[in-house]
Amino acid sequence: MSGKPLLIIVPLCLAVFMTGCGSSGIEFREREETAELIPPAQDYMEELLAEHFGSPTASVAWEKLPINYHAATATVDEAGESGSVTLANIGRTLPINEGQQILWFVDGSAHSGQVAGFDEDLNALTVSPPAGADQNWAPPAPGARLTIGPGETLQQGRLLYAEHCQHCHGVTGDGNGPTAEYLEPRPRDYRLGKFKFTSTSTVRKAQRDDLARIIEEGIPGTYMPSFKLLTEEESAAIVEYVRWLAMRGETELRRIEILTLDFRAADAETQEELDEMIQEFAEAKEDDFPNDFADETEQIADSWRVAQEESSVVLPKTPRTPSSPESIAKGREIYLSATAKCVTCHGESGKGDGPQTMQVAKDASGQNYPVPGLHDDWGRLIEPRNLTTGIYRGGRRPLDLYRRIHSGIKGTPMTGFGTSLSDEQIWDLVNYVMSIPFEDRAPGEGPFVPSESAPEATVAKSE
Amino acid sequence: MFWPLAALYLCWIAPERGWWFPSEAMSPLGQRIDDLFYMILIVTTVVFIGTQIALGYVLWTGARRTDPGNEETTWFSHGSHNLEVMWTIVPAGILLYIALYQIDVWREFRMRPYFPQEQMTASLTRMGVDTDVPGDRALAEVTARQFEWRIRYPGFDEDGNLLPLMTDPQPTDLYTVNDLHLPAGVPVMINLLSGDVQHSFFLPELRVKQDAVPGLVIPVWFQAEKSQTYDLLCAELCGWGHYKMKAQFVAEPEQEWLQWLRELHELQNEDGVEETDE
Amino acid sequence: MSTISPTVDTHAGHGDDHGHHHDPGFVRKYLFSTDHKVIGIQFLITTLLMLMVGGALALGVRWQLAFPWESMPFFGPLFASQGGQISPEFYTMLFTMHATVMIFLVIIPILAGAFGNFLIPLMIGADDMAFPTLNMLSYWFMWPAILFFGLSFLFGGGPAAGWTSYPVLAALAEAAPGSGGAQTCWLIAVTFIGVSSMMGSVNYMTTIINMRAPGMTLFRMPLTIWSMFITAILQAFALPVLTAAGFMLVFDRLPWSVHSTFFVPSGLVVNNAEPTVGGGQPLLWQHLFWFYSHPAVYIMLLPAMGMVSDMLACMSRKPIFGYKPMVYSMAAIAGLGFIVWGHHMFTSGMNPALGMTFMISTIMIALPSAVKVFNWIGTIWGGRPQFNAVFLNCVAFVSLFIVGGLSGIFMAAVPVDIYIHDTYFIVAHFHYVLFGATLFGVFGAIQFWFPKMFGRTMSDTIGKWHFVLTFIGFNGTFFPMHLLGVAGMPRRYADPYLHPYLEHLLPMNQLMTISAILMGFAQFLLLFNFLYSMRFGEKCSRNPWNANGLEWVAPSPPPHGNFESVPVVYRGPYEYSHPDHSDDYWLQTEPPGAQPGAKPQAAPA
């Protein structure tokens, strides 16, 4: 938004619309369970989240989480003349631009400067004193850890998120924006920290690249469109913001799960019990919560950190078996076998109508779901993929299908078969699955013989 | 009655301020469309100025006549047959001319027998496609859906020759989303489909627009002069995300396109093993 | 009253029959009145209220275009919004309902319903419409439509397939948030409006054919009546098609109905639902819809043309220039109007050969329009224009109609239309015609016939202020749209700035929004002027404008039954400044040879 016309317009609008535009109400939504807690626990949750995450418009860069909040971070390698330093260990999400703020610590006290220039090739950064700096200001010394453009990635991520994502995924990332209720399947609720289509193994979280790829390619067959034309930096900023929302959601969820055990208002039958509960809560808050919370944070942060490691990525050891009638036949066997049990959900003909879709499933608390069928971790009814349509939500490369079979689809009943099937078997299965949309032609008949009437049909239809 | 002047002034300065065509027409047909546009613009501007001046004139003289003390009488007239005939026949001639003048461009753009079939076939032959196979000469199938463009390209046979695009999806086909690549400098044809509701394939720089209608396969041809990236967007209301259907059309020389397609082929058949080996 | 003979003695006193009516009580008099004047005023006030509603919706649209995703005043909090943003489906609803309200609840009823009802019997010298009860029903059928349109807001998101409601978007409930119950309500409402218009049109035709006063030959009818007549014919022929199409679409939509698939082909997967099964053709709807809606464009314009002709002649104190060419050109517009619907579909994928024929017929429709413009200019030419609010609005009508007409040529030319179709150029064009021309004509007409409606005049000063502000706001809002269109900005985009080549258009859109806000607030002047003058305006005589028409012979406001005695018509309605007459007007009812300046026979003081 260019600023200049806005300056003229804003006073006018305020004059015109007396009610003003003040109450914009950009706030995170708390989980529903929070409302069931005793009042002090609710306050505690609110304070806790506000302290570590802030609000959408004033977010907190909580260093415990593995998030690239800043435009870049780097260590000063060598210091040169007049504020010029050479950087090492550069971690960059956004480009380094003139005028960005730089923060660093010397003996525990914070110092700041401004980017006066940056040479990409030499990694040479020129640091200038901030406005109003005193005489003692000095550029960072070698070894200093620089934070360049503090919080900028998260801020930009938020703006882009608000523009492109928010009306479906919601301010909180709960998949409950205004448009969400009309969509099937519903937009992802990030707050479980789970993303379906990842390159990582079964128990691991999603990598940044996985999220970026979904943003770039979209999810075919759903309302998640492809945002192909976002730049890499824009996409990276959104990814960081989404990860931040996911971690925020997880932090909230973990805490609530603990609090719900002991501090649900409905569990207190009498006033005394309630008072007792409040008393207990006050004690626990002082004694146990800080440590518990630190542990939880550690676990959450670790899980995301580990996912980012190279070892988390699933890669086949053996190359893909070329698609052939034999391989496809073998794949079909595996598809029907008791090891893979594909048929139980995807059905004999791959239409996603296996017997499991008729079974009554149980939710996390052991209750039966009201509707028979498969449910995901978000408690929604889901259908196994209809393999005859040739639409693959997680991507259509053989590698993507391999990963779906190897490590499953997170948060859904589609489990990973990486341990029970060999690479060769998975490839056969991949070949079979990829042949299902073409099954009306015999496998191996191949693509090279055009069906005789088809091209004419095109002409006829178009006229 | 200053407003016609303001309007003219605005039109005058508009091109400088960028409030005009997004760029020069990047296709030969687009240039002809622009020429037609400018022709109509000139005719209508003349008429606009003429009629507004006439209106201003009659108002001005009328205002003077109502000045106090002015003894001039009203011109009592029920009209003039000659004038009526004149201002019926002259505009009729101009309008008819404008109408007939447009027909060529339309015919070439939309009517299949007038498509530049030969050039399209020649281009396919250059790229090694077996053009004896029956079928149209489309290079890609663009399927619009809420809210993105899914594009299907023909793949390669075992010998690495480009196959013609088949009506039905083939196992060899290659797919992209929101990213249309086609050869530049030659007429290219796509088949336009819709997977759900109505959309419209709009390349503003090339002046191409064609609705994608559910249930129809509509051939669209165009020719990008320069090898560069163009905007591709939807121009027919298709739901809440109508504005989100942002895509690009990359025109590149034939061989580069072929190369890009090969890379896409590699990417599409990736099994992730080479990466670990290297 | 079917005779057109000027010998009238046998009929004298017919109007008096109605004078004996007993006082019909409040409900019969003001609510379920069968008096055409009350119905006309009911239509007028209802449509003016709807004008405010439609304008508010338009401001919502403009807000989003100028300040994308910023908290919208008034509307934002009313509907689903999160984080202070409106949602895109809400934006889609805004422009859909703006167009719907403006077209179906403002322009069509204000012209045919309000002015048609009020003026037709008065101007042809009849005591009422041919079918007064049908007339009352035609007004009261508008209310279910308003109700259903209102109801449609309550269903998920509101109708959001555009006012054109193209299937498949409008046919499948899954296709868009508003395509569920909201769309059904919308279709039902449109059907009610259709029925309402149909009743009106039958009534107008019958009245005009059968109930003219003695001496009121066809070619002595004011152009207003001609335009209403032609409009009524247009409606009668075009509307059934839309109503039928609407029913077909409802059949396609309702889950418990016949499961027809008129407009839905096979194999579409929308919102992850089961693929559709059917053999329908979405283009069929477009053909049916535009077969009505293109003539409807003229339904929305012709009556204004007629009224402006009358007002211009009166205010210029000069006969209309080329009366018969005016009539013929209106007829030509109406006739050609039936064979040009395809120009809305040039890029739609219909047989391209049709494009050529539709182009030629469309371009040729500019011809009668041009003839009319020249005649209007000719009417002012050499006259003594009275520069009051009525005249200014009429001149604005002519001036803006020229723009709307000329920009139509760009769209009529198929190759050029390929580029500008569904861009803001189109939006500019139809706003110039429907707002620039029609509404300015209506503003003038309100000012002009207000004395006849209420016996008091509206303030000319406020009227001029309203005119000036609206005119500036209008051009500031809509003229830049031409440029947006040429720059390739598509219609119906909630956020055009997502596309880099449109980013630089934001300042222009902001300017347009300011103009639109200005224009919106100028309408309060009109409303104030209208309501204030109803009660406190200056009292006026029968003929405050010194006009010639029959309506000015009747008292202001006319009683039930309109005329004290049956008026007799001796000449056409445009004998202003006749050299053989001492006054600069010559009432249609004044017998020839009467003393110059003598009181007209049918209107004793």
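No value in this document is a laboratory result; all are computed from the given coordinates. Not measured: the values here are computed from a predicted model. Positions of Cβ are backbone-derived with ideal geometry, glycine not excepted, and every protein chain shown enters the neighbour counts.
Some values worked out for this structure:
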| quantity | calculated |
| --- | --- |
| Cα Rg over Rh - the stretch B:190-234, Kirkwood | 1.00 |
| Antiparallel %, DSSP beta bridges [both residues in chain B], to 5 | 70 percent |
| Cα gyration tensor shape of the stretch B:15-103, rounded if a/c is under 1.5, else prolate or oblate by comparing a/b with b/c | oblate |
| Rounded, prolate or oblate (a/c below 1.5 giving rounded, otherwise prolate when a/b exceeds b/c) for chain C by Cα gyration tensor | prolate |
| Alpha carbon convex hull of the stretch B:42-195, volume per residue in cubic angstrom | 215 Å³ |
| Within chain C, helix-based [θ] at 222 nm, where runs of 4 or more DSSP H residues each add -39,500 (n - 2.57), nearest 500 | -18500 deg cm²/dmol |
| Kirkwood Rh in Å, taken over all unlike Cα pairs in the stretch C:31-300 | 19.7 Å |
| Calculated P(r) of chain B - Cα pairs past 28 Å, % | 53 percent |
| Neighbourhood net charge (10 Å Cβ-Cβ; Lys/Arg +1, Asp/Glu -1) for C:Pro325 | +1 |
| Helix-derived mean residue ellipticity, 222 nm - over chain A, DSSP H n ≥ 4, -39500 (n - 2.57), to 500 | -12000 deg cm²/dmol |
| Share of alpha-carbon pairs per 10 Å distance bin for the stretch A:159-312, given as whole % | 10, 32, 28, 18, 10, 2, 0 |
| Three principal axis lengths of the protein assembly as shown [C-alpha, angstrom, descending] | 112, 84, 71 |
| Percent of beta bridges antiparallel (DSSP, the protein assembly as shown, rounded to nearest 5) | 85 percent |
| R0 of 45 Å, Cβ-Cβ distance B:Ala92-B:Glu71: FRET efficiency to nearest 0.05 | 0.65 |
| Reduced Cα scattering model of the stretch C:304-370, Debye log10 I(q)/I(0), q = 0.15 Å⁻¹ | -0.58 |
| Cα gyration tensor shape of the stretch C:312-524, rounded if a/c is under 1.5, else prolate or oblate by comparing a/b with b/c | oblate |
| Rounded tilt (10° steps) of B:28-65 against the dominant C-alpha axis of chain B | 20 degrees |
| Top of B:Thr125, B:Thr176, B:Thr74 by mean-square fluctuation, Gaussian network on chain B, Cα under 10 Å | B:Thr74 |
| Cα-based equivalent ellipsoid of the stretch C:161-291: semi-axis lengths in Å, sorted from largest, via gyration tensor | 40, 12, 11 |
| Partner aspartates and glutamates for C:Lys318 [C-alpha distance under 20 Å; skip if fewer than 8 residues away on the same chain] | B:Asp67, B:Glu71, B:Glu72, B:Glu84, C:Asp310, C:Glu551, C:Glu575, C:Asp580, C:Asp583, C:Asp584, C:Glu590 |
| Under-5 Å amide H pairs with A:Leu146, H placed in peptide plane, nonlocal only | A:Ala74, A:Thr75, A:Val76 |
| Cβ-derived FRET efficiency at R0 25 Å, C:Asp580 paired with B:Arg64, nearest 0.05 | 0.45 |
| Cleavage-rule hits (GluC sites (Glu not before Pro)) in the stretch A:25-132: DSSP loop, at most 13 neighbouring Cβ within 10 angstrom | A:Glu63, A:Glu81, A:Glu98, A:Glu120 |
| Cα-based equivalent ellipsoid of the stretch A:325-438: semi-axis lengths in Å, sorted from largest, via gyration tensor | 25, 14, 13 |
| Inter-site label distance for B:Thr45 and C:Ala331 at 7 Å from Cα along Cβ, in nm | 3.9 nm |
| For A:Gly117, residues with placed amide H under 5 Å, excluding near neighbours | A:Thr126 |
| Two-site FRET efficiency, C:Met534 against A:Glu27, from Cβ-Cβ distance with R₀ of 30 Å, rounded to 0.05 | 0.05 |
| Members of A:Lys64/A:Lys285; A:Lys205/A:Lys317; A:Lys228/A:Lys351; A:Lys228/A:Lys317; C:Lys37/C:Lys464 lying beyond 24 Å, as alpha-carbon distances in this model show | A:Lys228/A:Lys351; A:Lys228/A:Lys317; C:Lys37/C:Lys464 |
| Over chain A, equivalent-ellipsoid semi-axes from the Cα gyration tensor in Å | 45, 33, 25 |
| Hull volume in cubic angstrom per residue (convex hull over the Cα atoms of the stretch A:351-408) | 95 Å³ |
| Cα convex hull of the stretch B:117-269, projected area averaged across orientations, nm² | 8.4 nm² |
